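The numbers here are math on the coordinates, done by the rules we state, and not lab data. Please read these numbers as outputs of a predicted model, since none were measured by experiment. All Cβ positions, glycine included, derive from the backbone under ideal geometry; neighbour counts span all protein chains shown.
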Amino acid sequence: MKTKRILKIMHVFAWIAFIGLSIKAGAIVISYFVSFGNVDAAKDLYEGMSYFVYKQNSEVHYTILVFYRILQFSIQAYIAFLIIKLLSNLNIQRPFNVNALRLMQRISFSLICLWAIVVIHNIHVGILEASTGIKATLLSSEFIYIAGIVYVFSLLFKRGLELQYENDLTI
């Protein structure tokens, strides 16, 4: 009973994260387009996120950096959606199933993609800092560790699925 309650709470939190990250990505897209009509909008794209100095320097770099952020929050929202699907389809009596395994693998792959985007962003702003002198704002890149953990869990799920299948055959 306690496990089901915890899973329901996690399901609610996953929905909150999904909605919040979707709103964040959408707000940045809207702010980006508004920033072309109003240059000062680049000073506060979303909750203090300022790319004004990049916009002053180069529209192309500004667009690329904003695209990185939109992609980052969109992938995070997608991961939250995958977690929602995983929690919705989770069966406590038979937790090891092919659907859960595939969802965990997708989550792991999405986290690796997210990490790659963050690394590319950080390299890009590092190059801009070296060439233009604009102070770089780096994004955190802890996603690779989380991706590794989720991948290990998916391997454990795969082994659990194999054992469950073997157990079903012996009965």
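Quick look at the values:
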read-out: Nearest-0.05 FRET efficiency for V39 and I16, computed from C-beta distance (R0 45 Å); value: 0.85
read-out: P(r), alpha carbons of the stretch 41-129 - 10 Å bins starting at zero, rounded %; value: 15, 36, 23, 16, 9, 1
read-out: Sorted by Cβ density within 10 Å, fewest first, the residues V12, V60; value: V60, V12
read-out: Crossing angle, helix 2-37 versus the chain [Cα axis fit, 0-90 degrees, rounded to tens]; value: 20 degrees
read-out: Difference of contour (0.36 nm per residue) and Cα-Cα distance, I123 to K8; value: 37.4 nm
read-out: Sorted by Cβ density within 10 Å, fewest first, the residues S131, S108, S31; value: S131, S31, S108
read-out: Sequence of M10, M104 once ranked by neighbouring C-beta atoms within 10 Å, starting from the fewest; value: M10, M104
read-out: Extended-chain gain in nm, criterion 0.36 nm per residue less alpha-carbon gap, N91 and E166; value: 25.1 nm
read-out: Whole-number percent relative contact order across the stretch 2-170, with pairs defined as alpha carbons under 8 Å at least 6 apart; value: 21 percent
read-out: Exposure rule at most 13 other beta-carbon atoms within 10 Å, DSSP loop GluC sites (Glu not before Pro): the chain longest free segment; value: 48-141
read-out: Cα long-axis angle, helix 143-170 against the chain (0 to 90 degrees, to the nearest 10); value: 20 degrees
read-out: Degrees, to the nearest 10: 98-132 long Cα axis against longest axis of the chain; value: 20 degrees
read-out: Charge dipole (debye, nearest 20) of the chain; +1 at Cβ of Lys and Arg, -1 at Cβ of Asp and Glu; value: 620 debye
read-out: Cα-Cα over 30 Å, subset of K2/K24; K2/K85; K24/K55; K55/K85; K8/K43; value: K2/K24; K55/K85; K8/K43
read-out: Residue (of L90, F143, Y68) at the positive-pole extreme of the stretch 2-170, dipole from beta-carbon charges; value: L90
